[in-house]
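Participant: I'd like to ask you about the structure that follows.
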Amino acid sequence: MTAQPGAAVVIGAGSVGIAAVAAPLTAASVPVVLVSHSPAAARCLQAGVRIVEGDAGGASTTTFRPAAVLCSDDVEAVGAAIAAAACVVVAVPGVEDLSLARLLWSGLRRRETPVDVVVCTNVPDEARRLADLVGRLGPTPVGHRFAGALVDQIVTCRMKPVRGLTLRSEGPRRLVVDGAALHGSLPGDSRWASTGDFAGEITRKLCTFSAGHAAAAYVGGLRGHRRVEAALRDPEVELVVREAIREGQAALSATHPVVVTTGPTVALLRRDPLGGSSRHTAELDELVARYANPVLRDTVARVGRDPRRKLARTDRICRPALLALESGGAAYALAVTAAAASVALRADPTTPPELRRASVGELLAHTAQLPLDHEFSRLVAVALDELVRTHSPLAALTALRGTQPYVPSVAMAGSGSRAVVAS
């Protein structure tokens with residue numbers, strides 16, 4: 001392949017790399033060189049990828065064809081593409097893979113001008129770790145910059161023998177990039193929102209979008225639902241999802257600046273001690289609608305995969321719960337979510353036998369490094385006992401509140417949801 005000056009090289013041809021990064025850049029007239037993991041996948045991608053995009057109001061179908069597709073095994077060709085690129089985007093999990101670092105270094109060492117390497121991640125320092133790994137392989141002539149980028153777009157994937165690869169996605173959403181780590185503007189400017197508080201943006205996503213999504217998957221799965229859309233038609237599942245988001249919002253209001261996107265820049269506002277109820281309610285309703293998007297045909301199995309990682313201290317369940325408890329707030333719905341996730345973890349065939357037999361306290365000590373007597377572990381144990389006994393998330397929430405009937409928050413009660421209240 002002849003190198004294409006001005007192209008964006010996207011390493012990672014998964015659903016996020018294609019639908020959330022490569023296809024929108026192509027739509028913004030930026031040529032994309034896509035790097036895939038295998039020759040077979042590369043051949044499939046060269047034939048084009050069908051993308052169904054939309055929401056309950058309607059959907060459209062397009063076919064994405066990159067300017068070129070390379071296999072990551074062809075280090076020479078990928079290196080040449082990186083050497084001529086306007087930017088490089090890494091959209092693969094596990095950036096500490098040495099083969100990825102070698103692939104990047106093969107191109108970066110040839111460049112005479114600096115380039116931005118954008119790393120799609122949910123971890124604040126993952127871009128820095130990848131930069132360190134590349135740096136250990138040898139010097140590069142100029143100073144390249146590695147910046148994290150937060151992907152906030154739901155994409156699902158289907159592979160059919162006749163029609164090939166089909167991705168289903170909500171509408172394009174801008175990638176929030178760590179502006180402090182960039183050299184300058186990125187190609188396809190409208191696709192990026194720059195922030196000066198990248199770690200704060202990740203925390204915001206984990207405590208709201210990711211927490212609610214996890215609740216829909218784990219509590220929905222426990223109730224026997226296969227699709228997320230169907231799970232959210234279950235009033236008890238919807239109740240837990242909304243309250244989990246609300247608990248995360250309250251924790252953020254108490255501990256972090258409010259983050260909003262204005263134009264191409266993410267602006268930081270003052271802390272909101274009153275919780276910003278109208279803004280929070282609008283955000284909550286939007287998130288639930290996004291999860292339930294019928295175009296996605298999303299499954300609880302996909303959203304809930306890898307429960308061990310999602311029960312980590314810094315991830316979407318324990319992170320907002322610990323922030324909530326540390327700030328004097330509630331973490332009841334998050335405890336119900338964690339209890340349901342522990343059921344999924346025990347049912348996962350890859351879970352070690354000792355974790356399947358572990359108590360709640362022992363399990364969270366392993367996944368989240370919590371002391372055995374931590375308050376959140378106690379709440380999760382109470383929730384799990386009630387879920388096992390009644391199979392009712394509402395009963396679990398009521399048990400966590402003591403003998404008082406469970407009453408949804410004011411923000412939720414005014415949101416038009418189908419929430420139920422214990423009698």
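Participant: If the requirement is being exposed (fewer than 14 other Cβ atoms within 10 Å of the Cβ), touching a residue at least 60 places away in the same chain (Cβ under 8 Å) and within 30 Å of D306 (Cα to Cα), which of these qualifies: A91, A40, A19, A56?
Facilitator: Checking each option against the conditions leaves just A56.
Participant: Another question, then. May I ask you to say which residue of G329, G361 is at pLDDT 95 or above, over 12 Å from Y218 (Cα atoms) and over 20 Å from the mean Cα position of the chain (by Cα)?
Facilitator: None of the other options fit; the residue is G361.
Participant: Take L133 and tell me if it is at pLDDT below 95, assigned to a helix (DSSP H, G or I) and crowded, with 18+ Cβ neighbours inside 10 Å. Don't jump to the end; show me each part of the working.
Facilitator: Numbers: at pLDDT below 95: yes; assigned to a helix (DSSP H, G or I): yes; crowded, with 18+ Cβ neighbours inside 10 Å: yes.
So L133 fits the description; yes.
Participant: What's the number of the only condition in (1) within 18 Å of A27 (Cβ to Cβ); (2) assigned to a helix (DSSP H, G or I) that A193 fails to meet?
Facilitator: (2)
Participant: Taking L296 as the residue in question, decide whether it is closer than 28 Å to R168 by Cα, touching a Lys or Arg at 6+ places or on another chain (Cβ under 8 Å) and not basic (K, R). Full working, then the answer.
Facilitator: On the way: closer than 28 Å to R168 by Cα: yes; touching a Lys or Arg at 6+ places or on another chain (Cβ under 8 Å): yes; not basic (K, R): yes.
Here the answer is yes, as L296 does meet what is asked.
Participant: Quick check on this structure: which one of L311, L323, L284 is of a type in the set (A, V, I, L, M), more than 14 Å from T367 (Cβ to Cβ) and buried (at least 24 other Cβ atoms within 10 Å of the Cβ)?
Facilitator: On inspection, the qualifying residue turns out to be L284.
Participant: What are the pairs with Cβ atoms under 9 angstrom where one residue, in the range 354-371, is closer than 16 Å to A339 by Cβ and free of Cβ contacts under 8 Å to residues at least 24 places away in the same chain and the other, located anywhere, is loosely packed, with under 13 Cβ neighbours inside 10 Å and of a type in the set (A, V, I, L, M)? Sequence gap at least six, or different chains.
Facilitator: R356/A347; S359/L372; G361/L372; E362/L372; A365/L372
Participant: Additional query: I need the strands (runs of 3 or more DSSP E) fully contained in the range 21-126, keeping only those with at least 3 residues that are over 29 Å from Y291 (Cβ atoms) and over 24 Å from the mean Cα position of the chain (by Cα).
Facilitator: Working: elements: 32-36, 49-55, 58-64, 68-71, 87-90, 116-120.
Strands (runs of 3 or more DSSP E) meeting the threshold: 68-71.
Participant: Sort out which residues of the range 1-16 are β-branched (V, I, T) and either surrounded by fewer than 19 Cβ atoms within 10 Å (Cβ to Cβ) or over 19 Å from the mean Cα position of the chain (by Cα) (or both), and write them in order of number.
Facilitator: Across the range 1-16, the qualifying residues are T2, V9.
Participant: Moving to a separate point now. Considering G184, G148, G138, which residue is surrounded by 21 or more Cβ atoms within 10 Å (Cβ to Cβ), outside any helix (DSSP H, G or I) and not polar (S, T, N, Q)? Quick ask: steps written out before the conclusion?
Facilitator: Values: G184 fails: surrounded by 21 or more Cβ atoms within 10 Å (Cβ to Cβ); G138 fails: surrounded by 21 or more Cβ atoms within 10 Å (Cβ to Cβ).
Sole residue among the options that is surrounded by 21 or more Cβ atoms within 10 Å (Cβ to Cβ), outside any helix (DSSP H, G or I) and not polar (S, T, N, Q): G148.
Participant: Pairs only if they're at least six apart or on different chains, beta carbon under 6 angstrom, first in the range 169-182 and farther than 30 Å from G58 by Cβ, second part of a helix (DSSP H, G or I); list them, first residue then second.
Facilitator: Filtered contacts from the range 169-182: D178/F198.
The values are calculated or read from the model by the stated rules, or taken from the named source; none is laboratory data. Because the structure is a prediction, the values reported are computed rather than measured. All Cβ positions, even for glycine, are placed from backbone atoms using ideal geometry, and neighbour counts span all protein chains on display.
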